[in-house]
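The values are calculated or read from the model by the stated rules, or taken from the named source; none is laboratory data. Because the structure is a prediction, the values reported are computed rather than measured. Reconstructed Cβ throughout: ideal geometry from the backbone, glycine too, with neighbour counts over all protein chains shown.
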Amino acid sequence: MDRSPSADARFRTMYEENYDALRDYCLRRLPTDDANEALAEIFLVAWRRLDDVPAGDQGRLWLFGVARRVTSTTQRGTRRRSRLTAKSMAQADTGAVAIDTETVVVRRSEDARLLEAIGTLRPSDQELVRLKAWEELSHSDIGEVLGISSHAVDMRLNRALKKVAKIMRPRNHKIMNSPRPVEEGGEL
């Protein structure tokens, strides 16, 4: 496909301005090899559809929309392969267990609990929280990427964060209304 020098320059500029952010986006969602492939796919789509890419910040948001679809497709493929691997391992009776990549990466129990809490959300709300927390997009930008209004982003994000906060509350935390005297012998 032959492109004009100005189209080449536009693509090069778009690539240079968005590469780091999109690479980070992919790495937060996929293992390194898959992230690299997804990143290449994102820019391939942008190259093929360069005439459809809006200018400026809208182009950046358009790329994030493409990234969301590409990473989602990659994640589905990974889950499908994992299920098939687990199924074949079970048939072979090896007792092997597939390990989730995020579980391996997370070292701190607070992070693991937070990821677990976010994991209880619907997939669309998980993506909403990630776009806000990891990509630091504004509500209107998130709405643009997801194809929903900024008001819907506000409502869904508020609801999702309340659910995460509820799950993150300390476990087995009982509050005593009034002090009780200790019986003789020191036992309650």
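Do we find that Leu131 is assigned to a helix (DSSP H, G or I), under 18 Å from the mean Cα position of the chain (by Cα) and not assigned by TED's automatic domain parsing to the domain that holds Val66 in this structure?
yes
When you check Gly65 against the structure, is it closer than 30 Å to Leu115 by Cβ and not polar (S, T, N, Q), yes or no?
yes
Given the structure, is Arg3 among the basic types (Lys, Arg) and modelled with pLDDT under 90?
The answer is yes for Arg3.
Among (1) loosely packed, with under 12 Cβ neighbours inside 10 Å; (2) more than 21 Å from Gly147 (Cβ to Cβ), which single condition is Leu39 missing?
Unmet condition: (1).
Taking the stated definitions as given, is Arg68 under 21 Å from Gly147 (Cβ atoms) and not hydroxyl-bearing (Ser, Thr, Tyr)?
yes
Can you tell me which residue is nearest to Leu115 (Cα to Cα) among those in the stretch 147-164 that are out of contact with any Gly (no Cβ under 8 Å at 6 or more places or on another chain), assigned to a helix (DSSP H, G or I) and hydrophobic (A, V, I, L, M, F, W, C)?
Applying the filter and picking the extreme gives Val164.
Exactly one of (1) at pLDDT 75 or above; (2) surrounded by 12 or more Cβ atoms within 10 Å (Cβ to Cβ); (3) over 17 Å from Tyr25 (Cα atoms) is unmet by Gln75. Its number?
Condition not satisfied by Gln75: (3).
Consider the stretch 140-155. How many of its residues are crowded, with 18+ Cβ neighbours inside 10 Å and either of a type in the set (Ser, Thr, Tyr) or free of Cβ contacts under 8 Å to residues at least 24 places away in the same chain (or both)?
Here the count works out to 2.
Does the stretch 1-58 hold any residues that are small (Gly, Ala, Ser) and over 23 Å from Gly143 (Cα atoms), and which are they?
Those that are small (Gly, Ala, Ser) and over 23 Å from Gly143 (Cα atoms): Ser4, Ser6, Ala7, Ala9, Ala35, Ala40.
Can you list residue pairs whose Cβ atoms sit under 6 Å apart, with the first residue in the stretch 28-54 being acidic (Asp, Glu) and the second being assigned to a helix (DSSP H, G or I) and buried (at least 18 other Cβ atoms within 10 Å of the Cβ)? Count only pairs 6 or more apart in sequence or on different chains.
Going by the 6 Å Cβ cut-off, the qualifying pairs are Asp34/Thr74; Glu41/Val70.
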